[in-house]
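Chemist: If you scroll down you'll find the structure; I have some questions about it.
The values are calculated or read from the model by the stated rules, or taken from the named source; none is laboratory data. Values in this document were obtained by computation on a predicted structure and should not be read as measured data. Here the Cβ positions follow ideal geometry from the backbone for every residue, glycine too, while neighbour counts run over all protein chains shown.
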Amino acid sequence: MAAITRNRLKLGVNGFGRIGKLTVWHHVARKYFDEIVVNIGRQAGTSLDDIAHYVERDSTYGWLHGYLYGCSAEPVISDLDEENGSMLIDSVRVRFLRTARNPAEIGWRDQGVRLVVDTTGQFLDPTLGAEHSKGSLRGHLASGAEKVIVSAPFKIKDKGKPMPEDAITTVMGINGNDYDPRRHKIISNASCTTTCLAHMMKPLINAFGPKKIMSASMATVHAATGSQQVLDRLPGEGKTDLRKNRSIMNNIILTTTGAANALRLVIPEMEEIAFIAESVRIPTSTGSLIILVINLQEQPSGEFLGRDLINEIYRQAAADSPQGYLHYTDKQNVSGDIIGMPRVAAIIEGHETHARTAEATIDLAKIPGLDSKTFSNPNEMVVHIPVTQAVIYGWYDNEMGSYVNMLGDRTVSVAENL
């Protein structure tokens, strides 16, 4: 990752789970921010040494100094100051706050923080006021931040409320330029799945147009997340999805994804396409896969929409991507191969692209509102339309490689306009 000249901005990070910790790794490596202030919101371990222990090593990505400099690197954490809750991580000052959980009480203004990345997954409703008893995104603004980036899709609890004018969902490389620094204060970076899916769908929409895509569906084979149980647990009061309390170590677990709804926010053309999104969780720590199925109406010219054409669309889109967010490969991969691959939203595995064309028979008499009397010959009531069904596979590292690195790009782009 190319280093960017460090400025005097401080970055605030709320939450220190998987995304929060890896966000710190990303920005320590990037050296854009002069200082990082992390709000843990509670005491952790017995001292600052225990926090440094957590920062320094990771079960998925290894040692921090190895991530930064390779196998011969030396440890990079020093100057621990228990009183101030700070340490130096590869020359970047990182301070940890261990008191307030409510964003309105964190005190970003006192810390000199103007930009906050909220990685808690707890504050997702941009319509809630800063005074909400359980905390809210707007609490960060009341606490002194000027901008808040959310590492998850928005979830508006009151379905009757519209999206606020100062809130927006973006995916870098898709609609990142829709962010208006003069208007938007709260930015959702969508999800890891939506990010990958957007980069899989956009080249197809650009190539065929939404009218030609008759329908689409996706299933994500997704690595485990921190919200899942290691061992079976009794569900909480009122919980209806009993699968969320089953052991992820021993099961493939059916679950849901909001990728379909979020995708419409970043690619408006998706409103014209019938689309379904599903998800299953599997016992791996990271590295996920989207299986995308699309149905295309064949060209009147008879041009065959086959595997080679679809792969060429992705190959060209990857070559034309200035940020390199889309990657195409003809090699055969497994999930471990894509872990840590930097700044790649989607890795199209062209080796597994499949396409089949068949005729769909449509009885016009069964179409509501169509007057059958306009047809003199009953045979005219049945039409045959050639339809191609294509299956496309896209890998993504749902933690560091894809999502956190692209979240870092979003964060720097917002900071540049402060």
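Chemist: Do you know which of the residues in segment 96-126 that are under 25 Å from the mean Cα position of the chain (by Cα) and more than 26 Å from Asp158 (Cα to Cα) is surrounded by the fewest Cβ atoms within 10 Å (Cβ to Cβ)?
Modeler: So, considering only residues that are under 25 Å from the mean Cα position of the chain (by Cα) and more than 26 Å from Asp158 (Cα to Cα), the one surrounded by the fewest Cβ atoms within 10 Å (Cβ to Cβ) is Arg114.
Chemist: Looking only at segment 166-178, which residues are under 10 Å from Pro126 (Cα atoms) and either without any contact (Cβ under 8 Å) to a residue 12 or more places away in the chain or not small (Gly, Ala, Ser) (or both)?
Modeler: Across segment 166-178, the qualifying residues are Asp166, Ile168.
Chemist: Please go through segment 186-221 and pick out each residue that is in a strand (DSSP E or B) and of a type in the set (A, V, I, L, M, F, W, C).
Modeler: Ile186, Ile187, Ile213, Met214, Ala216, Met218, Ala219, Val221
Chemist: Among (1) part of a loop (DSSP other than H, G, I, E, B); (2) at pLDDT 95 or above; (3) of a type outside the set (A, V, I, L, M); (4) closer than 19 Å to Leu418 by Cα, where does Asn7 come up short?
Modeler: Going through the list (1) part of a loop (DSSP other than H, G, I, E, B); (2) at pLDDT 95 or above; (3) of a type outside the set (A, V, I, L, M); (4) closer than 19 Å to Leu418 by Cα, Asn7 breaks only (2).
Chemist: Just for segment 225-271: of the residues that are at pLDDT below 95 and of a type in the set (Gly, Ala, Ser), which one is nearest to Leu305 (Cα to Cα)?
Modeler: Looking at the filtered set, the residue picked out is Ala260.
Chemist: Could you tell me which of the residues Gly160, Gly173, Gly129, Gly135 is surrounded by fewer than 16 Cβ atoms within 10 Å (Cβ to Cβ), out of contact with any Asp or Glu (no Cβ under 8 Å at 6 or more places or on another chain) and at pLDDT 95 or above?
Modeler: On inspection, the qualifying residue turns out to be Gly129.
Chemist: Could you tell me whether any residue of segment 72-87 is out of contact with any Lys or Arg (no Cβ under 9 Å at 6 or more places or on another chain), under 22 Å from His27 (Cα atoms) and buried (at least 23 other Cβ atoms within 10 Å of the Cβ)?
Modeler: Within segment 72-87, none of the residues are out of contact with any Lys or Arg (no Cβ under 9 Å at 6 or more places or on another chain), under 22 Å from His27 (Cα atoms) and buried (at least 23 other Cβ atoms within 10 Å of the Cβ).
Chemist: Still on this structure, I have one more. Under 9 Å between Cβ atoms, at least 6 apart or on separate chains: pull out the pairs that start in segment 210-239 with a residue that is acidic (Asp, Glu) and end on any residue that is in a strand (DSSP E or B).
Modeler: Going by the 9 Å Cβ cut-off, the qualifying pairs are Asp232/Ser247.
Chemist: Something else: Regarding segment 238-248, can at least one residue be identified that is closer than 30 Å to Glu359 by Cβ and buried (at least 16 other Cβ atoms within 10 Å of the Cβ)?
Modeler: no
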